[in-house]
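The values are calculated or read from the model by the stated rules, or taken from the named source; none is laboratory data. All figures in this text were calculated on a predicted structure; none of them were measured in a lab. Quick reminder, even Gly has a Cβ in these numbers, built from the backbone with ideal geometry, and neighbours come from all protein chains shown. Accessible surface is based on the protein model in full, side chains and every heavy atom, while ligands, DNA and RNA are left aside. Shrake-Rupley method; radii C 1.70, N 1.55, O 1.52, S 1.80 Å.
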Protein chains: 6
Amino acid sequence: MKTVAVRNIERANTEVATELGKLGVATVHEAQGRIGLLKPYMRPIYPGARIGGTAVTILAQPGDNWMIHVAIELCQPGDVLVVACTTDNTDGMFGDLLATSAKARGVKGLIIDAGCRDLRDLQEMDFPVWSRAVSAKGTVKNTLGAVNVPVVCAGQVINPGDVVVADDDGVTVVERKITATVLEAGRAREALEEEKRQKLASGVLGIDLYNMRPRLQEHGFEYVDSLADLEA
Amino acid sequence: MKTVAVRNIERANTEVATELGKLGVATVHEAQGRIGLLKPYMRPIYPGARIGGTAVTILAQPGDNWMIHVAIELCQPGDVLVVACTTDNTDGMFGDLLATSAKARGVKGLIIDAGCRDLRDLQEMDFPVWSRAVSAKGTVKNTLGAVNVPVVCAGQVINPGDVVVADDDGVTVVERKITATVLEAGRAREALEEEKRQKLASGVLGIDLYNMRPRLQEHGFEYVDSLADLEA
Amino acid sequence: MKTVAVRNIERANTEVATELGKLGVATVHEAQGRIGLLKPYMRPIYPGARIGGTAVTILAQPGDNWMIHVAIELCQPGDVLVVACTTDNTDGMFGDLLATSAKARGVKGLIIDAGCRDLRDLQEMDFPVWSRAVSAKGTVKNTLGAVNVPVVCAGQVINPGDVVVADDDGVTVVERKITATVLEAGRAREALEEEKRQKLASGVLGIDLYNMRPRLQEHGFEYVDSLADLEA
Amino acid sequence: MKTVAVRNIERANTEVATELGKLGVATVHEAQGRIGLLKPYMRPIYPGARIGGTAVTILAQPGDNWMIHVAIELCQPGDVLVVACTTDNTDGMFGDLLATSAKARGVKGLIIDAGCRDLRDLQEMDFPVWSRAVSAKGTVKNTLGAVNVPVVCAGQVINPGDVVVADDDGVTVVERKITATVLEAGRAREALEEEKRQKLASGVLGIDLYNMRPRLQEHGFEYVDSLADLEA
Amino acid sequence: MKTVAVRNIERANTEVATELGKLGVATVHEAQGRIGLLKPYMRPIYPGARIGGTAVTILAQPGDNWMIHVAIELCQPGDVLVVACTTDNTDGMFGDLLATSAKARGVKGLIIDAGCRDLRDLQEMDFPVWSRAVSAKGTVKNTLGAVNVPVVCAGQVINPGDVVVADDDGVTVVERKITATVLEAGRAREALEEEKRQKLASGVLGIDLYNMRPRLQEHGFEYVDSLADLEA
Amino acid sequence: MKTVAVRNIERANTEVATELGKLGVATVHEAQGRIGLLKPYMRPIYPGARIGGTAVTILAQPGDNWMIHVAIELCQPGDVLVVACTTDNTDGMFGDLLATSAKARGVKGLIIDAGCRDLRDLQEMDFPVWSRAVSAKGTVKNTLGAVNVPVVCAGQVINPGDVVVADDDGVTVVERKITATVLEAGRAREALEEEKRQKLASGVLGIDLYNMRPRLQEHGFEYVDSLADLEA
């Protein structure tokens, strides 16, 4: 591994990132064609947070948070810290001190494929975290990793400067170059969903709204009157 | 697999189902002789919900929510959607649009041995879900399953029309034919527990309340004064 | 296994235990040299609780809570029940009745490497529990275990009388003999952290506060201007 | 739970069971319409075994093998023991003594949704086992379960007398009433596969053999010449 | 954590350790009263090995095998290396070079609650390993741990000098002071089992051999003739 | 997701791939700086296989093997099929028919982040597979994915044409452009290891061979004579 930090990265537009955050994970994930979703073991440490920001990426060694300290210097307002790990690890690499420092740099939150601690403090200071675990396990600063290189975090490639969107549904990444397109598609989808929502609320069935009956028939799907008919 | 939907099912009595819901999962599970509990990986997406309703069952393919759309047409007020999957899967098969539609039919909630999304919306609209995962992963509508057939959901057989009870402790199923009996037994148990609770609160020990001392002795259980005695 | 209960145990000082509880898991774990932390699968059943107390230990058989009833008689105000299991098990060994009884004895909470149930009641009565699972699965009282013997709970040795500290970050144990020393170290650490927190909040970087730059250089860590430089 | 043993069960035909065993799990599972497969955590304790037999079912409590002793009396030559558990458990409920006894009754093997031990002995005596775990953990005989009732084992309903087929690919169940039909369908499938195998071995592509090209086109699948075209 | 190595440890008798190894894990675990078994995720990297030796213990940091190098110097013929980790980790901390070195010191094998690599080489040189994972993940030598201190390995306390027994069934530990007693009990058990085995092989039922019928009846266990009777 | 197949990919040199295969996973992973290793849940379906080949990549939907059929047409001798999945899935997407077809194209083996079946046949025809699961679960051909696009498989980015090396230790990927360099580094490492192996076999300690004593001292590592000293 190249043990290196990249000082300057091309970031997606911060406003676009913020707007993507408002759309939320499910809409953004769908709007870009059902890609980009991190594995569902990534969960928020408290409910209700919703963010969109530009990724500053970190590749950390298990049980070692040295690189997070290095990364914070390279953060700008609107960034989100993204920590991948060279191997599966749940140690508490991030707590209230790092959050205080990150917040002072304008960082919006943290995505970490490892553990996080000081939950009470993080919630009080409104610094949201999505992690694979909560753990108070202390970490060292002994082994080098890398900052602002492409990483695989919870199953997805995240490049520095990509947009990360996170809410109660999980985390998704949007490649930097397509963020504007995805935002547009997401808004269109949201408008469309609002329309559908109203129809469904009024009692229209999805099976009719999406015109599923002919395709069900074509695939040989059958309706029977009762379980008894089925067993017959 | 027979790819089929059963239109008419025999449902347990809706009021009985509602009353079982009020007793809660632990009481109902015990009242029917410690059976019917779904595996504990089934967790509510937000705390505090408590329901009892009649099952409309769905057997879905991984990553495919086609059958849920089919099932909603067959729902009645007081029903609970129960989704089993042909293989382990965590994709977000259910979100706010399906919930809107289900709610319009009077459905009380969802039990899904897969993933769920749009948590914020579902909580705002007060549509409770118990799932094995939260995931925004989008699904397709390409492969047939079945509706209103017996399924195995999180380790338990659930037949259409059975009663499903769910709260913060998890989910349990009660076979349709025995719902009235179980309700009676549950109420008796609840009364009995209230009595015990008062005694225990007043300082009576469980070891005395349940008369455990003779049986401990009979099994050869010993008391020693200190750890030192034990090692001697 | 010796099937036995030890009546008298040497407990750590209750006030020290309470004070350790106020410091919280992360601080206590660090203050004693990063030891004592239980595996992170031990999670609180509701957020916000924070306790420190003296351990009354229980070794239970899977699906059997007989020994918990035996243990409660041996509890004193300020104690915390600690349940280990002879094999991995998630059954709901503890619910509102046992909590009522424990509370009547002055017990502060429960640490259980198995399941717990009656979440709503436990939260209402403010009896906190840290467990590996929530499950309504009923248990029997058929097989003997032991009470107040040393146990391994979620990966840590816990001796009767040791201090157990638990909060939203998890659970840690402090050996009885070193509790006073750890309390002192924890308070010193807390003071030190407050100082650091203020510096970090004011914009001082951790990389400077901890003087990391020379050590990074010594280990061969490099900075490059852009990803393009990296690939070159 | 009814704590009961059913003495007389209707068994599928033993020869049909044996023949289904020869077809193997994958063929039988497909031949009956992709149903009946137990979850893939069920693995053989040694490679190479392949059996088909009639199920004698057991519902056991965690850490307790009492019911297996009860079941063996009810076994006949050609049977397979099928152990489900009331809760997830990995204890070593079965070892060489029980295998000796089962073998003396003509039992062909064991399917157990728990643990198994004495691997060396079991392999030497050629008594195959499919289990969720290998564990020497000793068990007790304290809590009643049931024998020859319908059970859910590793996610599938298994009724006493059903046929269980197991090999290196896992375990599948065939309902008693349809065993003859499935055997016929399995043999037809096997013949058909042999034909396909020869064509594929000679270099015919599956995409042609299954005439996939028109359907790919219809679904909008595209071919591009190079990754560069894709990114353009 | 004290970062320290203990040079001189009191070892159990080597011959006793070897004899315990011959008895095997299941027998030894039972002979000492069903204690000492490591969690069943500890599996041999190849089948057929069976060892008993005296523990040299290691507490390692995740992704770091420095302490194993330190430990090998302290090994004697008949020892078994036992590696615990400060946090869950699967990295390949041990491979053919360390095995070569350990073998040169007369070490019988390795128990590691982490990963292992170079499987082909280890099998060829007949150096058995029980691990939680196989992984080629390279490790560093940057963070101190400890050697020959008491550790918790896969859920069990192991003290330096204790006997570790491992075979295809898993791993068990025997406290140094009771090894002779356990050996005696194990041999007695083995003799008794041989007797039982012959009876069972001849067709005597366990239910009779263990005189279970009266106790079944006393617990209310029922026999019915058919499933139909059960449902009636 | 773009549902597309890329016809022409730039492959690493086949001979280099073969030679990397001979070096084995551990050596190649180390030689490129401890990168490229797939998660350790990827295990061979039978022991002893060792391959190195050029990746033809597949992105499949859960429970659907359509894209594997598409991919085989694009394979050349020396290729290895690499299947990633859009979501975690264990279904048996690959069996003896696909292996027959792949083998007819000169494919060396399969890496699949899902399930595999027909183990007996695959071993007999010597077609090695590394998978996350063995499962006979049948799959459909209903939903499009992609072929020869970059994928994330078991935590690693794999580009079409990269070299994949797999043996009993797991699977590692080498980027196409650096394969020659890594081969050279791997051979150098192998030579160096042979030298070390001989020294270690002759009794030289790793602690001396790697000159660890000064660094241990510098880090404050202590030696004590006995556990008693430690507790003092």
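Counting only heavy atoms of protein chains, what accessible area per residue, in Å², does the stretch A:71-164 have with a probe of 1.4 Å? Per residue, the stretch A:71-164 has 22 Å² of solvent-accessible surface.
Counting only Cβ charges, +1 for Lys and Arg and -1 for Asp and Glu, the dipole size of chain B around its Cα centre is about 840 debye. Report the paramagnetic label zone for D:L192: residues of the stretch D:27-51 whose backbone N is under 12 Å from a point 7 Å from Cα along the Cα-to-Cβ axis. Answer for this model: D:30-34. Residue by residue along C:213-226, Cβ atoms of other protein chains within 10 Å of the local Cβ number 5 on average.
On association of chains E and D, roughly 3500 Å² of accessible area becomes buried (total for both chains; probe 1.4 Å).
Kindly tabulate the residues in the stretch B:1-18 with an accessible-area decrease of at least 30 Å² between the chain alone and the assembly of all protein chains, using a probe of 1.4 Å. Output list: B:M1, B:K2, B:T3, B:V4, B:A5, B:V6, B:R7, B:N8. Using a Gaussian network model on chain D with a 10 Å cutoff between Cα atoms, which of D:F221, D:F127, D:F94 fluctuates the most? Maximum fluctuation in the GNM of chain D, among the listed residues, is at D:F221. Here is how the number arises for chain D: DSSP H runs of 4 or more residues each give -39500 (n - 2.57), the sum is divided by the residue count, and the result at 222 nm is -9000 deg cm²/dmol.
With a threshold of 32 Å on the Cα-Cα distance, the over-threshold entries among A:K39/F:K2; A:K141/C:K103; D:K22/D:K199; A:K141/A:K177 are A:K141/C:K103; A:K141/A:K177. Per-residue Karplus couplings for the stretch A:66-73, computed as 6.51 cos²θ - 1.76 cosθ + 1.60 with θ equal to phi - 60°, are listed in order as 3, 5, 5, 4, 5, 5, 4, 4 Hz, Gly and Pro entered as x.
Phi-derived couplings, Karplus 6.51 cos²θ - 1.76 cosθ + 1.60 at θ = phi - 60°, listed residue by residue for the stretch D:50-57: 8, 9, x, x, 8, 7, 9, 9 Hz, with x used for Gly and Pro. A simple rule links phi to the HN-Hα coupling: the Karplus curve 6.51 cos²θ - 1.76 cosθ + 1.60 with θ = phi - 60°, which for the stretch D:155-165 gives x, 10, 6, 10, 9, x, x, 4, 9, 10, 10 Hz, with x for Gly and Pro.
Remark on C:A5: its backbone amide H falls under 5 Å from those of B:E222, B:Y223, B:V224, C:V147, a criterion applied only to residues 5 or more positions apart or on other chains, H modelled at 1.01 Å from N. Ligands, DNA and RNA left out, the accessible area of chain F computed with a 1.4 Å probe is 47% carbon and sulfur. The Cβ shell under 9 Å around A:A12 holds other residues with a net charge of 0, Lys and Arg each +1, Asp and Glu each -1.
Separation of the stretch A:154-232 from the stretch E:130-171 is 48 Å, based on Cα centroids. Just check the stretch D:1-156 against the gyration tensor rule for me: Cα atoms, a ≥ b ≥ c as the square roots of the eigenvalues, rounded for a/c under 1.5, and otherwise prolate or oblate depending on whether a/b exceeds b/c. It is rounded, given that a/c, with a ≥ b ≥ c, falls under 1.5. Summing Cβ point charges (Lys, Arg +1; Asp, Glu -1) relative to the Cα centre of the stretch C:1-87 gives a dipole of roughly 220 debye.
I need the shape label for the stretch E:148-197. Rule: rounded when a/c is under 1.5, else prolate if a/b > b/c, else oblate, with a, b, c from the alpha carbon gyration tensor.
Details: a/c = 3.85, a/b = 1.87, b/c = 2.06.
The shape class here is oblate.
How would you classify the stretch A:113-232 from its alpha-carbon gyration tensor, with a ≥ b ≥ c the square roots of the eigenvalues: rounded for a/c under 1.5, else prolate if a/b is greater than b/c, otherwise oblate?
Numbers: a/c = 2.51, a/b = 2.00, b/c = 1.26.
Prolate.
To the nearest whole number, what is the average tally of beta carbon atoms from other chains within 10 Å of the beta carbons of peptide E:200-211? Intermediate results must be reported in sequence, preceding the final value.
Details: counts 11, 6, 2, 3, 2, 7, 14, 8, 2, 3, 3, 0.
So the per-residue partner count for this stretch is 5.
The GNM of chain E, with springs linking C-alpha atoms under 10 angstrom apart, assigns the highest mean-square fluctuation among E:Q217, E:Q61, E:Q32 to E:Q217.
Seen from C:K177, the other residues with C-beta closer than 11 Å to its C-beta sum to a net charge of -3, counting Lys and Arg as +1 and Asp and Glu as -1.
Comparing the full protein assembly with the isolated chain, the residues of the stretch E:59-77 losing at least 20 square angstrom of accessible surface (1.4 Å probe) are E:P62, E:W66, E:H69, E:V70, E:E73.
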